[in-house]
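Undergrad: The structure under discussion is supplied below as structure tokens; questions concerning it will follow.
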Amino acid sequence: MSAKTLYLHIPFCKSKCSYCDFVSFATRRDDPLMEAYAGALAFQIDEAAETGLIEAPMTAYIGGGTPSHLGEGIVGLAERAASFGSLSELTVEANPEFLTFDLSLRLKESGVSRLSIGVQSLDDAELAALGRIHDAKTALQALNCAIELGFDISADLMCAIPLQTSSSWQGTLEGVLGTGVSHVSVYPLMIEEGTAFARAVAAGKQDVPDDGDEALRMEEADALLSSRGFARYEVASYAKEGRACLHNQAYWTGISYLGLGTGAASMFGCEESPALARSFPQLGKPPADAARIRLSCTTDRAYLAAHPALSEQSFDVEYLSLRESLAEDLMLGARMSCGISPALVSRARDVMGAELDDCLSSLIADGYLAESLAPTRRGWLLGNELYGRLWELSSG
């Protein structure tokens, strides 16, 4: 068995946004490290294919950071990912300021099928408050160009952000929908430790996002998107029929994935351990009761660029028991609008017994889940409570 999806992390940006806690670093456009790093990731893809860690992935996703900051350098990496003939979807994240017509065309020719474009807002004052370096005009130009070239587009938006009002949020949504995009993701602002926003909050210069405003903006987005033919298929993601992001869905359905690059995460089941042992001998033998392994690459970007061998990489490692992996899958299933599948419930019941039924019954009674085990409006808006109660099943 090998990973079913591939993720490549590009940890470079022109500048760091005020809210961002991703593994990314402000980097000059002419820094040779970026080209060396992209070449190292291509080397790692080849090695992972040789060891059987990834053979016929269904999807691949190049994220960051800002992959489009690499310019032409991202094209070669996309071509290497596209060489897996099994791919149903190849996505590249891009910020509007770097997504020129020429780069978009080269990405299309390389085999990229979807662009995930970080729009966030179409209000210039809001964009400046977030630390974004593009303006609304540039964002709309990037969306229109990508649609003209025939990409599937995922437009990423943020709500409950500084200066945002119901009117400006409506304007952002209407403006993005006016381009003809088929997928929209709506993420509420989170104040993450270590970010510029967190420091501003600590200094009393920035307010913490209001839960009421967040819920109102999410409901406003839901109402407008639903009226325009979009269906919410995951807590933050909306798509027109047949346009849901396959890579997104893999993360929420327990499918194994390989992440390459500084900060990239991987998840494998125990059946993949022979390929893991060949690829990452430094991990050692997993515990006897391990059913799932999670890896997060901690290798410095410069060291990775100079020493790309998989055996040279460092990781934070987490092993999950069967019970813990089932609780995780239940929690992730509750993020999906289709709800927790009967097959997953059956597998979990074999391990958890009556505890599972008691938990699900209480979540239904408290209004977080419908009888179908799909999240209700309450479960959608108060997801942390829903997911937390399901995760409590991990410890019995």
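Undergrad: Give me 30, 358 ranked fewest to most by other Cβ atoms within 10 Å of their Cβ, as a rough exposure proxy.
TA: If I rank by nearby Cβ atoms, fewest first, I get 30, 358.
Undergrad: Using Cα pairs closer than 8 Å and at least 6 residues apart in sequence, work out the relative contact order for the chain, in percent.
TA: About 16 percent, as a whole number.
Undergrad: Once you charge only the Cβ atoms, +1 for Lys and Arg and -1 for Asp and Glu, what is the size of the charge dipole of the range 324-395 about its Cα centre, to the nearest 20 debye?
TA: In total the dipole reaches around 300 debye.
Undergrad: Now for a different question. Once you have the Cα-Cα distance between residue 296 and residue 277, take 0.36 nm times their residue separation minus that, and quote the gain in nm to one decimal.
TA: 5.2 nm is the gain from fully extending residue 296 to residue 277.
Undergrad: Peptides 318-324, 235-241, 283-289: what's the order by average Cβ count within 10 Å, highest mean first? Working shown, then result.
TA: Working: 318-324: 17.0, 235-241: 20.0, 283-289: 11.0.
Those peptides, ordered most packed to least, come out 235-241, 318-324, 283-289.
Undergrad: Could you give the length gained on full extension between residue 307 and residue 30, defined as 0.36 nm per residue of separation minus the Cα-Cα distance, in nm?
TA: On the way: separation 277, 0.36 × 277 = 99.72 nm, distance 2.11 nm.
97.6 nm is the gain from fully extending residue 307 to residue 30.
Undergrad: Where both partners of a DSSP beta bridge lie in the chain, what percent of those bridges are antiparallel, to the nearest 5?
TA: 40
Undergrad: On the first, second and third principal axes, largest extent first, how far apart are the outermost C-alpha atoms of the range 324-395 in Å?
TA: That works out to 29, 21, 19 Å along the principal axes.
Undergrad: OK, next. Could you give the nm distance between label points at residue 167 and residue 72, where each point is 7 Å from its Cα heading toward the beta carbon?
TA: Result for the modelled spin labels: 4.7 nm.
Undergrad: Can you list residues whose amide H is under 5 Å from residue 260's amide H, if they're 5+ apart or on another chain and H is modeled 1.01 Å from N?
TA: It is 7, 8, 9, by chain and number.
Undergrad: What number, rounded to the nearest 500 deg cm²/dmol, is the helix-based mean residue ellipticity at 222 nm of the chain, given -39500 (n - 2.57) per DSSP H run of at least four residues and division by all its residues?
TA: The per-residue figure over the chain is -12500 deg cm²/dmol.
Undergrad: Can you tell me the length gained on complete extension of the stretch residue 15 to residue 207, counting 0.36 nm per residue apart and subtracting the Cα distance?
TA: Numbers: separation 192, 0.36 × 192 = 69.12 nm, distance 2.28 nm.
Computed gain between residue 15 and residue 207 is 66.8 nm.
Undergrad: Okay, next question. Residue 318 versus residue 86, label points 7 Å from Cα toward the beta carbon: distance in nm?
TA: Simple spin-label model gives 2.6 nm for this pair.
Undergrad: Packing-wise, with mean Cβ within 10 Å as the measure, how do 133-142, 376-385 rank, highest first?
TA: Result, highest mean Cβ count within 10 Å first: 133-142, 376-385.
Undergrad: Further question: Report the Cys residues of the chain lacking a disulfide-compatible partner, meaning no second Cys Cβ under 4.7 Å from their Cβ.
TA: Result for the chain is 13, 145, 159, 245, 270, 297, 338, 359, no neighbouring Cys Cβ within the cutoff.
Undergrad: How big is the dipole moment of the chain about its Cα centre under a simple scheme where the beta carbon of each Lys and Arg is +1, that of each Asp and Glu is -1, and everything else is neutral? Debye, nearest 20, please.
TA: Dipole magnitude for the chain comes out near 400 debye.
Undergrad: Please compute the modelled spin-label separation between residue 100 and residue 148, points set 7 Å along Cα→Cβ, answer in nm with one decimal.
TA: 1.5
Undergrad: I've got another one for you. To the nearest 0.05, what FRET efficiency results for residue 46 and residue 137 with a Förster distance of 35 Å applied to their C-beta separation? Walk me through the intermediate numbers first.
TA: Numbers: r = 41 Å, r/R0 = 1.17.
Plugging the Cβ-Cβ distance into 1/(1 + (r/R0)^6) gives 0.30.
Undergrad: Here is a follow-up. How do 307, 9 line up, fewest other C-beta atoms within 10 Å first? Can you show the working numbers first?
TA: Working: 307 13, 9 24.
The order, fewest Cβ neighbours first, is 307, 9.
Undergrad: So, in the chain, how many Lys pairs have Cα atoms under 22 Å apart, if the pair is 8 or more places apart or on different chains?
TA: Working: 14/137; 16/137; 16/205; 108/240.
Pairs that pass both the separation and distance tests number 4.
Every number here is computed from the coordinates shown, using simple stated rules; none is lab data. None of the values given here were measured: they were computed from a predicted structure. Methodologically, a virtual Cβ is constructed for each residue, glycine included, from the backbone with ideal geometry; neighbour enumeration extends over all protein chains shown.
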